[in-house]
1. State which residue is surrounded by the fewest Cβ atoms within 10 Å (Cβ to Cβ) when the search covers only region 84-111 and only residues that are among the small types (Gly, Ala, Ser) and under 53 Å from the mean Cα position of the chain (by Cα).
2. Would you confirm, using the coordinates I've provided, whether ASN55 is of a type in the set (S, T, N, Q), buried (at least 17 other Cβ atoms within 10 Å of the Cβ) and over 30 Å from GLY195 (Cβ atoms)?
3. Kindly indicate whether SER137 is farther than 30 Å from GLY195 by Cβ and among the hydroxyl-bearing types (Ser, Thr, Tyr).
4. Just to be sure, is PHE115 within 45 Å of the chain's Cα centre (by Cα) and either among the aromatic types (Phe, Trp, Tyr) or loosely packed, with under 13 Cβ neighbours inside 10 Å (or both)?
5. Criterion first (of a type outside the set (S, T, N, Q) and more than 27 Å from ALA136 (Cα to Cα)) does ILE257 satisfy it?
6. What are the residues in region 70-83 that are surrounded by 12 or more Cβ atoms within 10 Å (Cβ to Cβ) and either under 12 Å from VAL53 (Cβ atoms) or out of contact with any Phe, Trp or Tyr (no Cβ under 9 Å at 6 or more places or on another chain) (or both), if any?
7. What number goes with the only condition from (1) within 28 Å of SER39 (Cβ to Cβ); (2) not in a strand (DSSP E or B) that ILE186 does not pass?
8. Based on what the data block shows, is SER71 in contact with a strand residue (DSSP E or B) (Cβ under 7 Å, 6 or more places away or on another chain) and without any contact (Cβ under 8 Å) to a residue 40 or more places away in the chain?
Amino acid sequence: MKPLHLFVIALICIAAAVAMPASAGPADIAVTSSTLDPSVLMKGDTGTLTVEVKNNGADSVAVRSARLYGSGVVALSDSYPSVGDIGAGTTKTFTFTVRADGGEGTFYPVFVIDFQDGGNLRYPVPVQVEDTPLTASIVGKPDTFSEGRTADITVRVGNPRPNGVSGVQVIPRGAGFTVTPTGAFIGALVADGSGTAVFNLTPADETDVTFKVLWRNGINTHSIDLTLPVTFGEDKRQADLFVTNVEVTPEAGGYRIVGDVTNAGLEPARSVLITPGAPAIPTDPYRVYVVGTLDPDDAAPFEVTFKADGNATEIPVVVEYRDSDGNRYTMTTMVEVGGGAATPTKERDGGFPIAGVVIAVLIAIGVIGAIYYSWRRK
């Protein structure tokens with residue numbers, strides 16, 4: 001071949017080499033980071049996996065496609081069939097929707113980049129799956145419940161998971177009670193964090209109250225149930241009233257009872273009213289005696305007036321009161337009035353007995369008559 005021809009061929013090769021874009025292989029492309037939202041999945045959860053790739057070379061790299069595959073954690077979204085060039089010193093992100101189909105543990109779905117000029121990059125991406133749920137417990141409640149009496153219930157929700165969760169709320173469910181609020185929102189809980197929700201529960205029957213705890217792990221909703229049995233019993237703190245120092249006095253056509261009422265409980269008794277019960281018939285001036293509020297360990301005097309028939313040997317003294325929630329309570333003390341009706345006494349006028357005045361006048365008339373008769377005989 002002539003030297004001129006060789007020279008022309010060499011020039012053509014050099015020109016072709018200059019015209020072709022520079023290309024690099026797997027050595028210049030590296031996975032710099034991978035993130036998962038949520039950072040830890042539960043079995044069946046769906047998450048978003050983002051893989052970041054950087055071209056560390058001085059020239060652009062032609063990439064044909066990118067995909068993700070594996071078992072335990074599977075890709076739900078399509079692969080990237082046509083990627084194009086990744087410029088020198090630049091990064092590119094690839095996002096996949098994944099689902100945890102296996103059990104608990106750490107899985108490694110493989111991220112693969114196929115290069116335009118052949119070869120590929122394979123990178124196992126770690127994905128953690130843990131099924132630990134949130135926990136819930138009752139940290140505040142009364143020793144016992146009473147029908148119609150409002151009680152404070154405090155529910156604490158804890159997050160023992162290795163990642164934070166969001167949208168935490170507590171919703172009481174069931175029948176035979178009323179509750180406020182009807183639901184409580186706690187919000188986000190970091191790993192090892194906790195939050196509380198307080199409810200005012202008023203039971204109408206013995207029942208079970210279910211507190212449903214809802215939360216989200218990423219876009220995935222989960223729940224647990226906490227059951228609180230509600231059974232009725234004696235409230236150890238409620239007001240406890242006693243009637244003491246009772247004296248019964250017969251009066252005009254009836255009786256008067258005086259005594260003391262004492263609150264031996266640990267809570268105030270409100271709107272305390274005292275009245276004689278059947279077969280007694282309340283009379284003025286003290287048909288009902290109003291004590292008002294009686295604090296713990298306090299006592300107050302009272303008196304009631306009433307009539308009773310001749311066969312009554314005892315009558316009930318009825319004490320009515322309310323608690324701080326407005327629930328009504330009554331207690332009864334039987335008081336002996338002795339057999340037979342009370343001996344009626346004459347009404348008084350200005351503090352002097354009318355019958356006494358009449359007798360005194362008659363005696364005076366008799367005395368004057370005797371003196372007059374004795375004077376006539378003389």
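1. It comes out as GLY103.
2. So ASN55 fits the description; yes.
3. So SER137 does not fit the description; no.
4. Here the answer is no, as PHE115 does not meet what is asked.
5. Yes; evaluated as a whole, the condition is true for this residue.
6. Hits for region 70-83 are VAL74, TYR80, VAL83.
7. Condition not satisfied by ILE186: (2).
8. No.
The values are calculated or read from the model by the stated rules, or taken from the named source; none is laboratory data. Keep in mind that this is a model prediction, so the values were computed, not measured. Positions of Cβ are backbone-derived with ideal geometry, glycine not excepted, and every protein chain shown enters the neighbour counts. The protein model used for the area step is the full one, side chains on, heavy atoms only, and it has no ligands, DNA or RNA in it. Shrake-Rupley method; radii C 1.70, N 1.55, O 1.52, S 1.80 Å.
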